[in-house]
Amino acid sequence: MKILAVNCGSSSLKFQMYEMPEEKVLISGVFERIGIDNSFYSYKLNGEKIKKQAYLKDHKEAVKILLDELISNKIVESLSEIKGIGHRVVQGADKFDKSVLITDDVIKTIDELSALAPLHNPAAIVGINAFMKAVKDAKHVAVFDTAFHQTMAKEAYIYALPYYLYKDYGIRKYGAHGTSHKYITKVMHDYYKENKKLIICHLGSGGSITAVKDGRVVDTSMGFTPNAGIVMGTRCGDIDASIIPYIMDKLNMNTNDIDKLINKESGLKGITGGITDSRDIETGIEANDEMCDLAQKIFVRSVVNYIAKYYVLLSGADAICFTAGIGENSSLTREQIMDNLKVLGVSLDKEANKARGTFTKISSNSSKIDCFLVPTDEEVMIALDTYNLVK
Ligand code: ADP
């Protein structure tokens, strides 16, 4: 069965077409700079990458070109072969605890939740509408980044703010990266053949740590928005909330200014004065750059703090998993994090930790907690949820 996984951003559209249930990727690609000058798209087919310039006026135009490419590359003979299209939606809040078939009511609810994800939910709706019009025979499924975290207990998601802010304004922890955390949970279940107590570290340019027990989320580090939790490429993570009114006052900032400062100018970038990518941080450390060294230490500490917290919350952990850009590729960061966990009986297999991008056990046989590098795959999770709802 042919299933398409789609991820629409405000000016981009990523896609992957699968043959399910084999999980075989038939074609994947991305449309970029939609609605902006110099738009283009690229796709990977049979190991070859093809890039084309195209005037992408809007998402509808990108969808049209994508569907034409599927036919001309003989991925499908007719669009009716596409049985399901899974759409990534960032914010489902407490309205969705799992993926759902898209109806008018579902679209309305996603729209109502746009206030909580102003950059992301409107883009998802544009994509959903464009695909629903163009591929009428397919079933359309919404896969929410927040859904997996809906199992948290109230004491995990309520902030110690006046309670009416939760009741009247929905201020609570929702978490993010749920599709990735769910995928890693599934991979680890396949590995152990049973549910284990997991601490999953999704470390990319955005990052979050999740505690999982019995296949369900107990707690996660991101909060009301993806700004909370660990230090990230450009986001500050957890800070003393009183800093915000203080600097707004001192620097005469409005809400947009402060939002930009904590989301786009902070984290690794803020500390180093411009370096966002952890590869560049590592190059800086090699060149004895003091600020890169400091940024890395603060980053590692923020991750270790969450692991320690979740170790206690779970009454011990069976496995710690590292995933996403940094988690899958940075041997240095994994080593530094694991070195800080020696007190918990964590012990690194230095040779195994040289691995990049492939499922690898990186703890030694004597380690009290198994540690793994687990490549994430949010697209296949979207395709799986879609397939399960469509079949
Ligand atoms: P996102 O999806 O949040 O944009 P990714 O999961 O793709 O992020 O991770 C991107 C980040 O991964 C990059 O910013 C970079 O810091 C890090 N990264 C990628 N490759 C490496 C590497 N070889 N060594 C260290 N860090 C890496």
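Any read-out appearing in this document is the output of simple, stated calculations on the displayed coordinates, not a laboratory observation. The structure displayed is predicted, hence computed values, not measured ones. Don't worry about glycine lacking a Cβ; one is built from the backbone with ideal geometry, like all the others, and counts go over all protein chains shown.
Quick notes on this structure:
- Region 208-346 - convex hull of alpha carbons, volume per residue in Å³: 123 Å³
- When every Cα-Cα distance of region 1-114 is counted in 5 angstrom steps from zero, the calculated P(r) takes the values 2, 11, 20, 20, 19, 15, 9, 3, 0 percent.
- For the chain, share of DSSP beta bridges that run antiparallel, in % to the nearest 5: 65 percent
- Cross-link partners of K354 among aspartates and glutamates (Cα-Cα below 20 Å; sequence separation of 8 or more within a chain): D277, D280, E282, E286, E328, E335, D339, D370
- Sorting 130-142, 100-112 by average packing, meaning the other beta carbons within 10 Å per residue, from highest down gives 130-142, 100-112.
- Region 62-99 and region 249-302: distance between their alpha carbon centers, rounded to Å: 37 Å
- The chain: angle of helix 121-134 to the longest principal axis, Cα-based, in degrees nearest 10: 30 degrees
- Entries in K64/K139; K14/K350; K108/K196 that, when Cα-Cα distance is taken, lie over 28 Å: K14/K350; K108/K196
- Residue ranges 249-257, 143-151 sort as 143-151, 249-257 when ordered by packing (mean number of other C-beta atoms within 10 Å per residue, highest first).
- Per-q log10 I(q)/I(0), region 52-139, q = 0.10 Å⁻¹ (Debye; single scatterer per alpha-carbon; no solvent): -0.29
- CD proxy at 222 nm, helix term only [per DSSP H run n ≥ 4: -39500 (n - 2.57); per residue of the chain; nearest 500]: -11000 deg cm²/dmol
- Computed extension gain for D104 through E290, at 0.36 nm per residue and net of the alpha carbon distance, reaches 61.5 nm.
- For L45, distant residues with modelled amide H under 5 Å away: I50
- The chain: angle of helix 59-72 to the longest principal axis, Cα-based, in degrees nearest 10: 70 degrees
- With 19 Å as the limit on Cα-Cα distance, the pairs of K2/K44; K167/K213; K309/K368; K98/K186; K95/K167 that go past it are K167/K213.
- Cα-based convex hull volume of the chain per residue, rounded to whole Å³: 160 Å³
- The C-alpha atoms of the chain define a longest principal axis, and helix 255-264 lies at about 80 degrees to it.
- Peptides ranked, highest mean first, by Cβ atoms within 10 Å: ranges 20-26, 72-78, 4-10, 297-303: 4-10, 297-303, 20-26, 72-78
- Isotropic mean projected area of the C-alpha convex hull, region 122-196 (nm²): 7.8 nm²
- Comparing Cα centroids, region 342-367 and region 14-40 end up 34 angstrom apart.
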